[in-house]
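Below you'll find the structure, written out as structure tokens, and then a few comments.
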Amino acid sequence: MNSLPKHEYFKRVRQDHQTELVEDYVEEIAHLHAKLGEARASDLAECFGVSAAAVSKVIAKLKRDGLVIARPYRGIFLTAQGEGLAERVAQRHRVVLDTLRALGVPEEVARADSEGIEHHCSEETVAAMREFLERQR
């Protein structure tokens, strides 16, 4: 079996890191809407432990990318594209979290680890995790 050169694996990791922040934000915006009925910049700042300025910078990027609509003194809303991404990320997150739980990882560790692992799993890996979970039932 031919394997890729090592630098290709690192290239993928760098690409994953670039999408990680976007995915975290759209997932959290969807979560806040479901939980509180709205998502505000202050809620996101508190959730991620960052400044309001840091949140504003990310929201500007999300607006530019067509994932959110945000107006001054109003909430932050996902576009249809943002909602689709948030749902895909949430599903992937659930699969990773459930897999870690099925492997016997303690709950708090599984929750913390799944927040990072979810962004670095290929679709093939997530599919294998789903199959693993199905066999466990």
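The values are calculated or read from the model by the stated rules, or taken from the named source; none is laboratory data. Remember, predicted model here, so these are calculated numbers, not experimental data. Each accessible area value is taken on the protein alone, full model and side chains, heavy atoms only, with ligands, DNA and RNA left out. Shrake-Rupley method; radii C 1.70, N 1.55, O 1.52, S 1.80 Å.
Structure data summary
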| quantity | calculated |
| --- | --- |
| Surface per residue (accessible, 1.4 Å probe) for the stretch 43-137, Å² | 62 |
| Helical mean residue ellipticity (222 nm; -39500 (n - 2.57) per DSSP H run of 4+; nearest 500) of the chain | -24500 deg cm²/dmol |
| Rounded to 10°, Cα long-axis angle of helix 107-117 versus longest principal axis of the chain | 80 |
| Fraction of accessible area attributable to carbon and sulfur, the chain (%, probe 1.4 Å) | 55 |
| Pairs of lysines in the chain (C-alpha under 26 Å apart; 8 or more residues apart or interchain) | 5 |
